[in-house]
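**Q** Here it is: the structure, laid out below.
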Amino acid sequence: QVQLVESGGGLVQPGGSLRLSCAASGIIVSAYAMNWYRQAPGKQRELVATIFSLGTTNYADSAKGRFTISRDNAKNTVYLEMNSLKPEDTAVYYCNAQKVSSYWGQGTQVTVSS
């Protein structure tokens, strides 16, 4: 049984930072393309960042220069470090594992507000 459990969300002021974690069980994260998506109220879910099995990364334009995706193979966990947060980053953030099958976590809320 595959489980992806996100944590680390919360309320932060504009300009602040958060680190999201995605702890996986039932899969080996280094064998998958691991993605962070987000969905704001009334908007479609959008891809924020990807780390591929070989370790290369890709970012949405909105995340470039501010967000960093990384992976700890020993902990089987993927992270999203978010800096210089803006109110428009407010969303539910989801972890996704993609290969032949696709698995999703339950999401973690990030709210950026003063």
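**Q** Does Ile51 meet the test of being under 15 Å from Leu4 (Cβ atoms), open to solvent by 50 Å² or more (accessible area, probe 1.4 Å), at pLDDT 95 or above and of a type in the set (Val, Ile, Thr)?
**A** The answer is no for Ile51.
**Q** In addition: Got at least one residue in the stretch 70-78 being farther than 30 Å from Gln1 by Cα, open to solvent by 40 Å² or more (accessible area, probe 1.4 Å) and acidic (Asp, Glu)?
**A** For the stretch 70-78, residues farther than 30 Å from Gln1 by Cα, open to solvent by 40 Å² or more (accessible area, probe 1.4 Å) and acidic (Asp, Glu): absent.
**Q** Among the residues of the stretch 20-42, which ones are over 13 Å from Asp89 (Cα atoms) and more than 9 Å from the chain's Cα centre (by Cα)?
**A** If the condition is that a residue be over 13 Å from Asp89 (Cα atoms) and more than 9 Å from the chain's Cα centre (by Cα), then Ala23, Ala24, Ser25, Gly26, Ile27, Ile28, Val29, Ser30, Ala31, Tyr32, Ala33, Gly42 are the ones that fit.
**Q** Inspect all residues belonging to the stretch 80-96 and state whether any of them is at pLDDT 95 or above, surrounded by 14 or more Cβ atoms within 10 Å (Cβ to Cβ), small (Gly, Ala, Ser) and farther than 20 Å from Gln1 by Cα.
**A** Yes, because at least one residue in the stretch 80-96 is at pLDDT 95 or above, surrounded by 14 or more Cβ atoms within 10 Å (Cβ to Cβ), small (Gly, Ala, Ser) and farther than 20 Å from Gln1 by Cα.
**Q** So Ser70 passes all but one of these: (1) polar (S, T, N, Q); (2) part of a strand (DSSP E or B); (3) over 11 Å from the mean Cα position of the chain (by Cα). Which condition number does it fail?
**A** Only one criterion is unmet by Ser70, namely (3).
**Q** Then there is this: Among the residues that make up the stretch 1-8, is at least one of them open to solvent by 60 Å² or more (accessible area, probe 1.4 Å) and at pLDDT below 95?
**A** Yes, some residue in the stretch 1-8 is open to solvent by 60 Å² or more (accessible area, probe 1.4 Å) and at pLDDT below 95.
**Q** For the subset of the stretch 73-86 comprising residues that are touching a Ser or Thr at 6+ places or on another chain (Cβ under 6 Å) and outside any strand (DSSP E or B), which member is nearest to Tyr103 (Cα to Cα)?
**A** This residue is Asn73.
**Q** Scan the stretch 32-67 for residues that are among the hydrophobic types (A, V, I, L, M, F, W, C), closer than 16 Å to Thr108 by Cβ and assigned to a strand (DSSP E or B) and report the count.
**A** Residues in the stretch 32-67 being among the hydrophobic types (A, V, I, L, M, F, W, C), closer than 16 Å to Thr108 by Cβ and assigned to a strand (DSSP E or B): 5 in total.
**Q** Next question, about the same structure. Going through the stretch 51-67 one residue at a time, which ones are under 14 Å from the mean Cα position of the chain (by Cα) and among the small types (Gly, Ala, Ser)?
**A** Within the stretch 51-67, Ala60, Ser62, Ala63 meet the criteria.
**Q** Can you name the residue in the stretch 20-31 that is among the hydroxyl-bearing types (Ser, Thr, Tyr) and in a strand (DSSP E or B) and is also most open to solvent (accessible area, probe 1.4 Å) among such residues?
**A** Ser25
**Q** Mind checking which pairs have a first residue in the stretch 15-43 that is farther than 16 Å from Leu4 by Cβ and among the polar types (S, T, N, Q) and a second that is open to solvent by 20 Å² or more (accessible area, probe 1.4 Å) and assigned to a strand (DSSP E or B), Cβ under 9 Å, 6 or more apart or different chains?
**A** Ser17/Glu81
**Q** Given the criterion free of Cβ contacts under 8 Å to residues at least 12 places away in the same chain and among the basic types (Lys, Arg), identify the matching residue among Lys86, Lys99, Lys75, Lys64.
**A** Sole residue among the options that is free of Cβ contacts under 8 Å to residues at least 12 places away in the same chain and among the basic types (Lys, Arg): Lys64.
The values are calculated or read from the model by the stated rules, or taken from the named source; none is laboratory data. Just so it is clear, the model here is predicted, and its values are computed rather than measured. Ideal geometry is used to build each Cβ from the backbone, glycine not excepted, and the neighbour counts take in all protein chains shown. Accessible surface areas use protein heavy atoms only, side chains included; no ligands, DNA or RNA. Shrake-Rupley method; radii C 1.70, N 1.55, O 1.52, S 1.80 Å.
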